[in-house]
Structures are given as C-alpha cells and as structure tokens.
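Here is the structure we will look at, set down as structure tokens.
Each value in this text was obtained by applying a stated rule to the coordinates, not by laboratory testing. These numbers come from a predicted model, not from an experiment. Every residue, glycine as well, gets a Cβ built from its backbone with ideal geometry; the counts of neighbours run over all protein chains shown.
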Amino acid sequence: MPGIPDLCHPETVPVAASHQAQAEKIAAELAAIARTGMVLPGSITQRRTRCGRANCGCHADPPRLHGPYWQWTRKVAAKTICRWLSPDQHRDYQAWVGNDRRLHELLARLEALGAAALDADPRWKRQPAARTGRARQPPEPEHKPPDNVGSARLTCGHPLSRTPSAQVSPKREDLSQVRRLITRSAPQCVERFVERMSVAGSILVSCHGLQRVT
C-alpha cells in the first residue's frame, strides 16, 4: 500500500522556507501537547460569594466575601454547564484548559500557513482561467408600439400568425324598396287576417249556440 505523501514537504507542494520553518515549529509544539495527554474545553473562573446570614462579614461595608471558589463553565448545545472545583481539581484541570486554548491557536496559525501556500502555488499559472457561470445571453429587443396605429390590426405584442380575414362592411338598405314591398303586401295581409277572424267567429258561435251577427 503506497504511503501518504507529506503535503508540507517542499517536493510535494512548493512552500516558502520561512513558512516551512514555522510549520515545523508548530508541529513540534502540537506533539508536545499531545504527549501531556489531555485537553479540556471551556474556562475556569474564580468566584467570591455572599452567604445568607445577615450578620456575616460578607454583608459588611466593605464586604469580606467568601472564597475564592473555582468554577468550570462550558457551552454544550446552546446550554451552559457549570461545575464547582476543589482547589486540587483547579490545579489539575487548569493545565488542560490551557492546552485546549493553545491547541486552537496553533491550529489557526497552521491553517493560515496552508492558505498562504495554496495562494503562492506556481501551478495556478499553468491552468486555464476557469469559466464562471454561463455565457451571458444578449437582451431581447424591446417591442415598441407604433406611433400611428391607423387601420393596422392590433395583435397585443404577438407576431401575426395568419393573414387577417377581410372585414365585413355594413350594407345600407334602400328605404324606397322597403316601402314598395310593404305597400304591395299590405292588402293581401289584411284580406288573410279578415278570413281568419271570420273562421274564428264561426267556431265560437257553434260552440256556445249563439246567433252570428253579420
């Protein structure tokens, strides 16, 4: 199985000599912290308190507070966890808390050196410029309404898909012809009306036994 290459080695990734020296120094300090065994997140704070007895000196002016007491505090899932430590616990865990803070500082410095080596890598110059995003499409032409519509057909901005049909123009009737038709057909209509009324009167007389008046 091939070994994992050392990414901090100058033959693998070009690194400035000064940055390489700093990285080696940080690596040695990280190894020393790892040899101590433990790290403890959080913080240890000294506290002095008052008791509940009204005649105690902690309520005097100036007050003589009780303590010192040592409290370890840590955030877990947005909740604060607190523990009171004895003096010997404070001596033991204070070094672990210091290791945790120093560990974060060293890692931040090592990350900064790695970012600087990435930016200074000469192989960036041999790569083509990366294309960002898609080619910009030309804007669509703006459809402006004509200044004078006239008799042109309105299409609401859409292209004309078919030939417009011929528009029907209203016809003007000749009133004189209408009058002649009415005059000719009027006597015939009156005669038919009288015949129908006569037939209707005969039916009524026969139904009711009435004498028809002529």
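Based on other C-beta atoms within 10 Å, arrange His19, His104 from fewest to most. Each step should come with its number before you reach the end.
Values: His19 16, His104 12.
Result, fewest neighbours first: His104, His19.
Rounded to the nearest 0.05, what FRET efficiency is calculated for Thr36 and Ala115 with R0 set to 30 Å and r the Cβ-Cβ distance?
For R0 = 30 Å, the calculated efficiency reads 0.60.
Find out how many positive minus negative residues lie around His19, taking Lys and Arg as positive, Asp and Glu as negative, among other residues whose Cβ is under 13 Å from that of His19. It works out to a net charge of -2. Distant-in-sequence amide contacts of Trp70, defined by a placed amide H-H separation under 5 Å and a gap of 5 or more residues or a different chain, comprise Arg47, Leu85. Taking a ≥ b ≥ c as the square roots of the eigenvalues of the Cα gyration tensor, segment 8-116 is prolate, since a/c reaches 1.5 or more and a/b is larger than b/c. Put in line by how crowded their Cβ is, counting other Cβ atoms within 10 Å and starting with the fewest, Lys125, Lys75 read Lys125, Lys75.
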